[in-house]
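See structure below.
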Amino acid sequence: MERKTHVKINRKEVMLAKLRKTCSCTPQKLKNFVMDFFPVLRWLPKYQCKEYIWGDIMSGLVIGIILVPQAIAYSLLAGLKPIYSLYTSFFANIIYFLMGTSRHVSVGIFSLISLMVGQVVDRELLLAGFDLNDDAPPALGDSSLQNDSLSNTTAFNLTIAGINAECGKECYAIGIATALTFVAGVYQVLMGIFRLGFVSMYLSESVLDGFATGASLTILTAQVKYLIGIKIPRSQGHGMLVITWINIFRNISQANLCDVITSAICIVVLVAAKELGDRYKHKLKFPLPTELVVIAVATLVSHYGKLNEVYASSVSGAIPTGFIPPEVPQFNLMLRVAVDALPLALVSFVFTVSLSEMFAKKYAYTIRANQEMFAVGFCNIIPSFFHSFATSAALAKTLVKTSTGCQTQVSGVISAMVVLLVLLFLAPLFYSLQKCVLACIIIVSLRGALRKFRDVPARYHVNKVDTLVWVITMSASALVSTEIGLLVGMVFSMVCIVVRTQRPRTALLGQIQDTGFYEDDLEYENLSTVPKVKIFRFEAPLYYANKNYFLKSLYRLTNLDPNLEAARRKKYEKKEKQHLQKGNHRAANGLGIGETTLQLVPKQIDFQALVVDCSSISFLDTTGVNTLKEILKDYKNLNISVLLACCNPSVIDSLKRGGYFGRDFGSMQEMVFYSIHNAVLFAKDQK
């Protein structure tokens, strides 16, 4: 077969042409750029109102109803007031409606992202000297955020560098959250500009599942103190999960009986409703708004039963209505959280794109991953000016969205309107809502992630290495920290890949009877060996890291090390000459000499050709080419020919560049074959 002659591409000219095309500005290009950047301009004019509107309204209302209690609950994870979670849910839905390419994903507040934000907020509050106790003395006489901040400033009497001297604990906390969110959004936009979306490929499914499960254990642990109503410090740093559980058991005697009873009732109701919903979901037109019902009933019971005043049950407190004037995130704080924003940006993007691709495939349309990165980035950048924190797509809400008839992101606008209604009018009604009720909603929402433990045996049966990656990532995320867990998972999964290529499967092949096909002699029965020919398969790329393993496996399976055999022959010849010079012919023939001399007798070699099956060798580096040249030379010294079979074009090109076939490639047709059988037939014909 003759290789095609490829025309050499002048990369400089290509780059210049692309640059000229990119930098040129025409009305049509400007229009396309704007419509690509805001995909809503393409699909909204084609919106089929009669066909789509009712499904979008229904799904938008349901998601809005779910968003409100979840937003209030997840504020506990982020260490912020509930009003900021509502802002986040509102702005994220509006911006993704304008910029997103997925029709179905629900972008907004997400438990894992809230946890990561909360950990950074808590750390910075501690470093600034604030008390992390959730029940710090409230502001006197006024429930507004501004007066609350002033009260905290008076209590702590601190001046924070880069922030107004009147800024207190809550003001500083949201300042940290918005700075973190802004930097994470900038990272995502930069990744989109430089097309760095491929980074997400290094977060495998096992890493993401392990990270989500480990983070869920951390979330569950952080909510236990609210469930039983004890007051313990919010643990920070590595080992937070273990330290928190130690503090819980030390203070278990201080549990608030009212909170314990409320938590037990809420969990039973929520879990029962979820299980019934899962069992009869094919009969229900939309999911039951159980969280909203529980919050409404619990708020009424808490308010009229005066649970806060009589039983000291911790409540949400005042939630102001309306919008706080926008502020620019503080640059000084951005420098403090720049490193923390990187894993946050990566996790947010990966979850959003993976969900977008999953539902696009399910409903037969396409998304643009790069535009998704821009959309998520601006869902973080713009809301950060309006006292919001980081967002991402969430699987549970997206599943609800699709099950209730969602057709387009118009449903996101409907959800935003529901949140806006709460922001403008209904927020103060949640003043008496117990924190233990919010903790119950968070814990029950973790069912899906915690159920991953049941899948471990099945996962282990499918792939042991992936299971190990899951366990390592989950353990590191739970026992050390979420960021470290994500990093450990990425590194460990890549190490597993490297180890697999360092010690791949190797085999000697036998011939399937009466065919021209060959397979592993240890895996299949009734294979016949080829006389005078050894066929060796190496199932990995051949490069510097596995060169030694390649040689050791080859020598072990063929039962011949050409270097040792060549050395043995040289020693034998030298010894034979010495005995011949002395006239001791008997000794030269190996008779009457010691065991050491007997070991120098040349080994009987049972093959005259070695065929290397290169079908699994995807590439060669310089070390790999030199390794093949080395075995070619070593076996040639023993009168054994080395034949390569099933090489792909890139491997052949590497061999040519490395001089494996000599200068003129004249002997190439006698060294490389397109099938193992051709190589075997050629070897049999050799003398």
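When ligands, DNA and RNA are left out and all protein chains stay put, how many square angstrom of accessible area per residue does the range 346-403 have with a 1.4 Å probe?
33 Å²
Which of the three applies to the range 200-320, rounded, prolate or oblate, going by the alpha-carbon gyration tensor with a ≥ b ≥ c and a/c under 1.5 meaning rounded?
Oblate.
Name the helices (complete DSSP H segments) of the chain with a Cα length along the long axis of 20 Å or more and a Kyte-Doolittle mean of at least -1.0, or state none.
49-78, 82-99, 111-127, 169-193, 205-228, 257-279, 290-305, 331-362, 369-384, 464-479, 482-502, 622-636
Quick check on packing: order 337-344, 489-496 by the mean number of other C-beta atoms within 10 Å, highest mean leading.
Final packing ranking: 337-344, 489-496.
How big is the dipole moment of the chain about its Cα centre under a simple scheme where the beta carbon of each Lys and Arg is +1, that of each Asp and Glu is -1, and everything else is neutral? Debye, nearest 20, please.
My answer is approximately 2420 debye.
Which of Pro383, Gly210, Gly129 sits farthest toward the positive end of the charge dipole of the chain, with +1 on the Cβ of Lys and Arg and -1 on the Cβ of Asp and Glu?
Gly210
What does the highest-first list of 529-540, 198-209 look like by mean Cβ count within 10 Å?
Per-residue Cβ counts within 10 Å, averaged per peptide and sorted highest first, yield 529-540, 198-209.
Assuming R0 = 56 Å, can you tell me the calculated FRET efficiency for the pair Leu335 and Lys283, based on Cβ-Cβ distance, to the nearest 0.05?
0.55
Please work out whether the range 1-133 counts as rounded, prolate or oblate from its C-alpha gyration tensor, where a ≥ b ≥ c are the square roots of the eigenvalues and a/c under 1.5 means rounded, while otherwise a/b larger than b/c means prolate and anything else oblate?
Oblate.
With all protein chains present, how much of the accessible area of the chain (probe radius 1.4 Å) comes from carbon and sulfur, to the nearest whole percent?
With neighbouring chains kept in place, the figure for the chain is 61 percent.
Could you tell me whether the chain comes out rounded, prolate or oblate from its Cα gyration tensor? Rule is a ≥ b ≥ c as square roots of the eigenvalues, rounded for a/c under 1.5, then prolate if a/b exceeds b/c, otherwise oblate.
Prolate.
Measure out, as a whole number of angstrom, how far apart the alpha-carbon centroids of the range 52-127 and the range 497-540 sit.
The distance from the Cα centre of the range 52-127 to that of the range 497-540 comes to 55 Å.
Would you pull out the residues with amide H under 5 Å of Ser314's amide H, same chain only if 5 or more places away, H placed 1.01 Å from N?
Correct list: Lys435.
Where does each of 352-359, 410-417, 634-641 land if you order them by average Cβ count within 10 Å, highest first?
Result, highest mean Cβ count within 10 Å first: 410-417, 352-359, 634-641.
Which value at 222 nm does the chain reach when only helices count, each DSSP H run of 4 or more adding -39,500 (n - 2.57), with the total divided by all residues and rounded to the nearest 500 deg cm²/dmol?
So the helix-based figure for the chain works out to -19500 deg cm²/dmol.
Pick out, from Thr299, Pro428, Val495, the residue whose Cα sits farthest towards the positive end of the charge dipole of the chain, with +1 on the Cβ of Lys and Arg and -1 on the Cβ of Asp and Glu.
The one lying farthest along the dipole's positive direction is Val495.
Can you tell which of Pro39, Leu643, Ile63 lies farthest toward the positive end of the dipole of the chain, using +1 and -1 charges on the Cβ of basic and acidic side chains (Lys, Arg; Asp, Glu)?
Leu643
The values are calculated or read from the model by the stated rules, or taken from the named source; none is laboratory data. In this text, all values refer to a predicted model and were calculated from it rather than measured experimentally. A quick note on method: Cβ atoms are made from the backbone with ideal geometry, for glycine too, and the neighbour counts reach across all protein chains shown. Remember, those area values only see protein heavy atoms, side chains included, never the ligands or the DNA or RNA. Shrake-Rupley method; radii C 1.70, N 1.55, O 1.52, S 1.80 Å.
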